[in-house]
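Okay, so here's the structure we're looking at.
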Amino acid sequence: MLLVDNKPLLGRVEEVGGFVDLNAYEAGQGYEAARKALTSMSPEEIVSLVKDSNLRGRGGAGFPTGLKWSFVPQGDAAGDGAKYLVCNADEMEPGTFKDRFLLENNPHVLIEGMIIGAYAIQAEKAYIFLRGEYHQPYRRLVEALADATARGFLGGGIFGTDFNLDLRIHSSGGRYICGEETALLNALEGKRAQPRTKPPFPPASGAWGRPTIVNNVETLCNVPGIVRNGVEWYQGLGLTEDAGTKIYGISGRVNRPGLWELPIGTPIRELVERHAGGMREGFELKGILPGGASTDFLVEEHFDLAMDYGTIQAAGSRMGTGTMILMDNSICPVDMSRNLQHFFAQESCGFCTPCREGLPWVEALLLDIEEGRGQEGDLEVLDRNAQFIGAPGNTFCLHATGAIEPLQSALKYFREDFEEHIRTGKCPYHGRRL
């Protein structure tokens, strides 16, 4: 069995030892799954296969991919006009860099996944919505699209069938809010990146009012392997009830920060100690944001948990993107919380008062506490704001909810640090940070 069968996302990268061009991709069974899908399977069969595989969205929400595809109306129900498949490659979540690595090293697996996905929902137009700062991924994608088109994998009459696909790159102006798919679609249309009212949902009315599916880069890259090797193979890759592999990442004071494609459900402690090489000498692990900056902290009692969707949710956080940000014992939880709130306040689209006004106000209060101006009762004020701002339904989208997650968990697990700031009028971590 080829390495690519055990690591469908990065296995070929490891075999080649770096960037996988079209020739190297084809040598590792590349585009065989797309050929199989278009020449011997119906769109309904592909949707059913992906649904049965239990592939869940790898962008953060973890929604079942096949189920999402099944919401796209077909036949007369779709009406006249185009359908769209959109790949979200905007990757603005702090601490997350897995999609960039895929695009820089294995762009053809994304293109093949998009061919299959577009055929499954019968979309003949597709876009890669790319983060504007991703210059190297852009160049790699332009080259890969040109090579795939020259080989007949894109354009008209793909693999001798009557299916056509026009796949283009849209280089984004860049806003974190584009992680919300309807804000992304507004930006794609040239409008302000602001979430839309739902319903209607994008599978019924998305880009330019037509049925649209938005999937993350890593999600679509899983599709060729599923089509090529089947449901049982894909489910057998996981260690828990979730299926497949996951690109996990770690940033922080470990010996080997980076990315690894591993069976989904790999325990947190194994990720940190084995794959990331453990903490650097002189540092101790204090807390983890398991899936990027918009997830709740996990602490020592959670470090032996499996990194999968259900387990991390049951622990009070979210797996999110699966790229962990580590907080060691030299980092001030108050200052880290303030820094995160600064980012989320800056990235608010400004539509809702709790988000537009509340997040900057929370940031200012955290700055006062960090700089020694904290007062008795400040933590209770932060608690109330976290409960109000973070409650689903109090804002138009879930930006504020995600923004508050690291703060509300920091107040829960590191409250003594907040209290010491207020009691002593200074940050106890100053002078210890390296």
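Observations, loosely collected:
- Flag if Ser172 is surrounded by fewer than 24 Cβ atoms within 10 Å (Cβ to Cβ) and at pLDDT 95 or above: no
- Residues that are of a type in the set (Gly, Ala, Ser), surrounded by fewer than 18 Cβ atoms within 10 Å (Cβ to Cβ) and assigned to a helix (DSSP H, G or I), drawn from segment 362-409: Ala364
- The set of residues from segment 61-74 being farther than 23 Å from Ile177 by Cα, at pLDDT below 95 and either in a helix (DSSP H, G or I) or not polar (S, T, N, Q) (or both) comprises just one member, Pro73.
- Residue check for Tyr119: over 21 Å from Gly249 (Cβ atoms), among the hydroxyl-bearing types (Ser, Thr, Tyr) and touching a Gly at 6+ places or on another chain (Cβ under 7 Å): no
- Each residue in segment 149-169 was checked for being out of contact with any strand residue (DSSP E or B) (no Cβ under 8 Å at 6 or more places or on another chain) and buried (at least 20 other Cβ atoms within 10 Å of the Cβ), and 1 pass.
- When Met307, Met319 are screened for being buried (at least 24 other Cβ atoms within 10 Å of the Cβ), of a type in the set (A, V, I, L, M, F, W, C), more than 17 Å from Arg415 (Cβ to Cβ) and at pLDDT 95 or above, only Met307 passes.
- Condition met for Leu110 (within 26 Å of Glu14 (Cα to Cα), modelled with pLDDT of 95 or more, surrounded by fewer than 23 Cβ atoms within 10 Å (Cβ to Cβ) and in the same structural domain as Ala61 (by TED's automatic domain parsing)): no
- Extreme residue, farthest from the chain's Cα centre (by Cα), among residues of segment 245-257 that are surrounded by fewer than 19 Cβ atoms within 10 Å (Cβ to Cβ) and farther than 16 Å from Gly292 by Cβ: Asn255
- Answer residue from segment 40-56, given it is part of a helix (DSSP H, G or I) and polar (S, T, N, Q) and is surrounded by the fewest Cβ atoms within 10 Å (Cβ to Cβ) among those: Ser40
- Scanning segment 97-107 for residues that are closer than 17 Å to Gly132 by Cα and surrounded by fewer than 23 Cβ atoms within 10 Å (Cβ to Cβ) gives Phe97, Arg100, Phe101, Glu104.
- Some residue of segment 72-86 being out of contact with any Ser or Thr (no Cβ under 9 Å at 6 or more places or on another chain) and surrounded by 21 or more Cβ atoms within 10 Å (Cβ to Cβ): no
- Segment 1-39, subset β-branched (Val, Ile, Thr), within 24 Å of the chain's Cα centre (by Cα) and part of a helix (DSSP H, G or I), residue surrounded by the most Cβ atoms within 10 Å (Cβ to Cβ): Val4
- The residues on offer are Leu22, Leu2, Leu38, and the sole one that is over 25 Å from Gly310 (Cα atoms) and at pLDDT below 95 is Leu2.
- Of the candidates Thr182, Thr212, Thr197, the single residue that is of a type outside the set (Lys, Arg), on the phi < 0 side of the Ramachandran plot and surrounded by fewer than 17 Cβ atoms within 10 Å (Cβ to Cβ) is Thr197.
The values are calculated or read from the model by the stated rules, or taken from the named source; none is laboratory data. Source: prediction; values computed, not measured. A quick note on method: Cβ atoms are made from the backbone with ideal geometry, for glycine too, and the neighbour counts reach across all protein chains shown.
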